[in-house]
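A quick write-up on the structure given underneath.
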C-alpha cells in the first residue's frame with residue numbers, strides 16, 4: 001500500500017523475472033508505446049486484468065526496470081501508468097508523488113494473479129467478440145477535446161493512460177492481436193490516448209540506436225545543418241542518430257561487421273560533412289539515381 005495525495009493506492013508492477021521490455025517516445029504529436037510481439041501480448045493482459053479489477057485506487061506501473069531506450073534515437077523512456085478511470089482518481093499531485101517514490105520501491109508485499117482466459121477466448125474468435133463489443137461511433141467533438149488535452153497524457157514524467165472498463169477491454173484485444181513477422185516487420189494500433197507499435201526486430205532496433213547515439217555523441221564536431229529530408233528535420237543530432245542506427249541495423253542483418261564509424265561520421269569539420277553528403281541513406285539514394 002502506497003499513499004499518494006493522501007489516498008492509499010495499490011501499485012501493481014511486473015515480476016523482476018519478466019524479460020519483456022517496452023519503450024516510450026513522442027513523435028508526430030502522438031505518444032507511442034513500443035515493444036515486440038511478446039510485449040503486445042503482455043500489455044494486452046495487463047489491460048484486460050485491470051478492466052476486471054474492482055478494487056479502487058489500483059495502478060499498474062511499468063517502471064524503468066522494464067523500459068528500454070527508444071529504438072530510434074535511444075532516448076530515455078518515461079514510466080507508464082495504467083488505471084481504470086472510473087475507479088481510480090489520479091491527478092497531478094498523485095503523479096508527482098508517484099514519480100518520487102518509484103525509484104525507492106522495495107520488495108513487493110504480495111503477488112497478484114491475473115486470470116485472463118477471457119482474452120484468449122476473444123482472440124480465438126474475434127468476429128464474435130467484436131459483435132458483442134462494438135466500437136463506439138466516432139465523436140468529432142470528443143476528439144477535438146482530446147487534441148486540446150493531449151498534453152495531459154504525460155504528468156510529471158509519467159505516461160498516464162487511463163481508460164474506462166470498455167476501453168481497457170477493447171484496447172487489450174486490439175493490442176494483443178498485433179502480429180509481426182519477417183514479411184510484416186511492423187504493426188500498430190492507434191488508440192484514443194496513444195499508439196501501440198510493435199516491431200519484429202524490436203531488440204535489434206534498440207541495440208542499434210544505442211550504438212548510434214554513442215557514436216554520434218562522441219563526434220569531435222557534431223553534425224550540423226545538412227540532414228536531408230525525412231524525420232527530425234528540425235533536430236540535426238536526432239536525425240543523424242536515426243540514420244546511423246538504420247545503417248547499423250542493416251549491416252548487422254547482412255552479417256557484416258559494423259565499423260566503429262563509417263566515413264560519413266569520421267569527419268571533424270562541418271565543411272567535410274557538407275562535402276560528403278547528407279546521411280548514409282541519402283548517399284545510397286544518390287548513388288542509385290540514374291542522374
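Please treat every number below as a calculation from the coordinates, not as lab data. Remember, it's a predicted structure, so these values are computed and weren't measured experimentally. Every residue, glycine among them, receives a Cβ derived from its backbone with ideal geometry; neighbour counts consider all protein chains shown.
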Once label points are set 7 Å from the Cα along Cα→Cβ at both residue 30 and residue 219, what is their separation, rounded to one decimal in nm? 3.0 nm
Once both label points are put 7 Å beyond Cα along the C-beta direction, the residue 105-residue 165 separation in nm becomes 2.6 nm
Which ordering of 12, 216 is given by a fewest-first count of other beta-carbon atoms within 10 Å? 12, 216
Pop the C-beta distance of residue 86 and residue 186 into the FRET formula with R0 = 35 Å and round what comes out to the nearest 0.05. 0.60
Using mean Cβ contacts within 10 Å as the protection proxy, how do 185-198, 67-80 order, highest first? 67-80, 185-198
Centre separation in Å (Cα based) which lies between segment 156-200 and segment 1-30: 15 Å
